[in-house]
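Beneath this line is the structure, given in structure tokens, with notes to follow.
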Amino acid sequence: MGYYLKKQGLSGRVVYWIGEDKSTGETRNIWSDVSSDKKIFSSEESIQALIKNEDGKNGGFSGAQIVSE
């Protein structure tokens, strides 16, 4: 079973966290409305570690939901 992140985008569409810039391969906070681009995680714990917001600086994940496939 895999897990992924989704949230309501500013456009009103559902967006999925893809996590990397396709042109550079850099890991960044990138979201896409193309569901096939979403990053799949092997465990819910790995996503929870990613979206942890202890210092209040991780606002890009506000409203994100962890979904299991």
Q. Lys38's amide H: which non-local residues (gap 5+, or another chain) put their own amide H closer than 5 Å, with H modeled 1.01 Å from N in plane and none for Pro or chain starts?
A. none
Q.
I'm a student and want to see the number: the projected area of the Cα convex hull of the chain, averaged over all directions, in nm².
A. 4.9
Q. Once amide H atoms are placed 1.01 Å from N in the peptide plane, what residues at a sequence separation of 5 or more from Asp33, or on another chain, have their amide H within under 5 Å of its amide H?
A. Tyr16
Q | Percentage relative contact order, the chain, counting C-alpha pairs under 8 Å, at least six apart | A | 42
Q) Given H placed 1.01 Å from N in the peptide plane, which residues other than close sequence neighbours of Gly9 have an amide H under 5 Å from its amide H? A) Val14, Val15
Q. With θ set to phi - 60° and the Karplus curve 6.51 cos²θ - 1.76 cosθ + 1.60, what are the ³J(HN,Hα) couplings of the range 23-40 in order, to the nearest whole Hz, using x for Gly and Pro?
A. 7, 10, x, 6, 7, 8, 8, 10, 10, 9, 8, 9, 5, 5, 8, 4, 7, 9
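Coordinate-derived values only; no laboratory data. Everything quoted here is computed from the prediction, not taken from an experiment.
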